[in-house]
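Peer 1: Have a look at the structure that comes next, please.
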Amino acid sequence: MLIRAVLTGMLSGFILTNTQAQPKVSIRYKDIQFEKVDHKRNLSYQEQETPGVKKRFHKFDWYASSEDKNRRRPLIIAMHGGGFKLGNKASDSTPFWAREFAKRGYAVASINYRKSKKKPLSRFEDLADGCFEALKDLQLAIDYFKRNHEQYGIDPDKIILAGNSAGGMMALHEVCSSESELATYLKRDNSASLDTTHNPNRVLAAVNMWGSIYDSTWIKNARVPIVSIHGSKDRVVPSNNTAGPFFGTEIIAREAHRAGIAHYVQLYEGAGHELHKHFNPVFGGGPGARRRWRDMTQRIADYLQEELSLRDASQ
């Protein structure tokens, strides 16, 4: 903090004494680098068919700029919302912020994942089970992009998970809970035989947009930066729910602070689910929601750019 304060003072003095305007420095991953974003639809991250899972659940849309010559780009894997029953890779805010991140120099893969055949929108047990099954597809996607990183021009060591609502739950549980812990939570018989590793795919960060975690004590397992975005009046997934089974942003922030985990929080006052003023699962959001999505994207980009710079400096 002292170093930052001294630097601020030095810069302020320079600005006062230098009357010539200085050009703005454009910073990759933080500022927009490319206006044109290429969008490729319905690619597949699973070469072999998974028994019992329809092929469309393993499709993804690709967002990147053809003007970008960097072949070691960070990859954001985006997961849509919908309570593990609804939605797809082109739903709601996902295409909007996927393009915004691609403009800043990221590659973004917006993935489909399997839907629950049960009743996740009315039974919590089915919702949690839907998350467990969806995470299997996320892990397939991560493995696919790691193996094919040269084809897509990405850095396999810089994969970031980002999701809204159910997708946010996926991002959090992938880095905070092991497969065994989640299966134990669901009272699955085979839980003892499953992987106990936290963040086995070594993703760089998790971005949770109006999602939640099922057990707040799992936050301490993350050991990677977490970003949480939420509306203060979210009635679908309340940000301040302390009683479970959904622990929202404010509880996640508290537990991250206790565990010493880097965590950025942005709470939008008066906004509901998907940062709408009044959430409607059919309506895609008006100008107000889009302004918040744009602001949210910039805040996440600012934070991730700092984290990426710190990682580069330590290598």
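The values are calculated or read from the model by the stated rules, or taken from the named source; none is laboratory data. Nothing here was measured: the structure is a model prediction, and the numbers come from that model. With ideal geometry, Cβ positions are generated from the backbone for all residues, glycine too; neighbour counts draw on all protein chains shown. Keep in mind that these areas ignore ligands, DNA and RNA; they rest on the heavy atoms of the full protein, side chains included. Shrake-Rupley method; radii C 1.70, N 1.55, O 1.52, S 1.80 Å.
Peer 1: So, of the residues in region 43-65 that are under 23 Å from the mean Cα position of the chain (by Cα) and open to solvent by 50 Å² or more (accessible area, probe 1.4 Å), which turns out to be modelled with the lowest pLDDT?
Peer 2: Of the residues in region 43-65, the ones under 23 Å from the mean Cα position of the chain (by Cα) are 43-46, 56-65.
In the following step, the residues that additionally are open to solvent by 50 Å² or more (accessible area, probe 1.4 Å) were identified as 43, 56, 59.
On the way: 43: 98, 56: 94, 59: 97.
If we take residues in region 43-65 being under 23 Å from the mean Cα position of the chain (by Cα) and open to solvent by 50 Å² or more (accessible area, probe 1.4 Å), then 56 is modelled with the lowest pLDDT.
Peer 1: Let me ask something else about it. For region 205-217, give me the residue count where each residue is open to solvent by less than 20 Å² (accessible area, probe 1.4 Å) and either hydrophobic (A, V, I, L, M, F, W, C) or more than 25 Å from residue 298 (Cα to Cα) (or both). I'd like the intermediate steps shown before the answer.
Peer 2: First, the residues of region 205-217 that are open to solvent by less than 20 Å² (accessible area, probe 1.4 Å): 205-214, 216.
Add one more test, that the residue is either hydrophobic (A, V, I, L, M, F, W, C) or more than 25 Å from residue 298 (Cα to Cα) (or both), and what stays is 205-207, 209-210, 213-214, 216.
Residues flagged as open to solvent by less than 20 Å² (accessible area, probe 1.4 Å) and either hydrophobic (A, V, I, L, M, F, W, C) or more than 25 Å from residue 298 (Cα to Cα) (or both) within region 205-217 amount to 8.
Per-residue answers, yes or no, for (1) open to solvent by less than 20 Å² (accessible area, probe 1.4 Å); (2) polar (S, T, N, Q):
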site: 68; (1), (2): yes, no
site: 74; (1), (2): yes, no
site: 79; (1), (2): yes, no
site: 107; (1), (2): yes, no
site: 113; (1), (2): yes, no
site: 123; (1), (2): no, no
site: 126; (1), (2): yes, no
site: 136; (1), (2): no, no
site: 139; (1), (2): no, yes
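Peer 1: Further question: Return the pair list, or none, for Cβ contacts closer than 7 Å from residues in region 82-104 that are touching a residue at least 60 places away in the same chain (Cβ under 8 Å) to residues that are in a loop (DSSP other than H, G, I, E, B) and among the aliphatic types (A, V, I, L, M), at least 6 apart or on different chains.
Peer 2: Pairs that qualify, where the first residue is touching a residue at least 60 places away in the same chain (Cβ under 8 Å) and the partner is in a loop (DSSP other than H, G, I, E, B) and among the aliphatic types (A, V, I, L, M), are 83/121; 99/37; 102/37; 103/32; 103/37; 104/32.
Peer 1: Let me ask something additional. Search region 108-130 for residues that are farther than 22 Å from residue 46 by Cα and pair each with any residue that is among the acidic types (Asp, Glu) and exposed (fewer than 15 other Cβ atoms within 10 Å of the Cβ) when their beta-carbon atoms are under 9 Å apart and the residues are at least 6 apart or on different chains.
Peer 2: Taking only residues 6 or more apart or on different chains, the pairs are 118/125.
Peer 1: Within region 193-214, which residues are closer than 19 Å to residue 179 by Cβ and among the aliphatic types (A, V, I, L, M)?
Peer 2: Once the filter is applied, which keeps residues that are closer than 19 Å to residue 179 by Cβ and among the aliphatic types (A, V, I, L, M), region 193-214 yields 194, 203, 206, 213.
Peer 1: Name the pairs: first residue in region 190-207 and within 13 Å of residue 77 (Cα to Cα), second residue basic (Lys, Arg), Cβ to Cβ under 6 Å, at least 6 apart or on different chains?
Peer 2: 204/158
Peer 1: Consider residue 4 carefully, then state whether it is closer than 27 Å to residue 205 by Cα and at pLDDT 95 or above.
Peer 2: Working: closer than 27 Å to residue 205 by Cα: yes; at pLDDT 95 or above: no.
So residue 4 fails the test.
Peer 1: Moving on. Being modelled with pLDDT of 85 or more and open to solvent by 90 Å² or more (accessible area, probe 1.4 Å) is the filter; apply it to region 266-305 and report the residue that is farthest from residue 95 (Cα to Cα).
Peer 2: The extreme case among them is 269.
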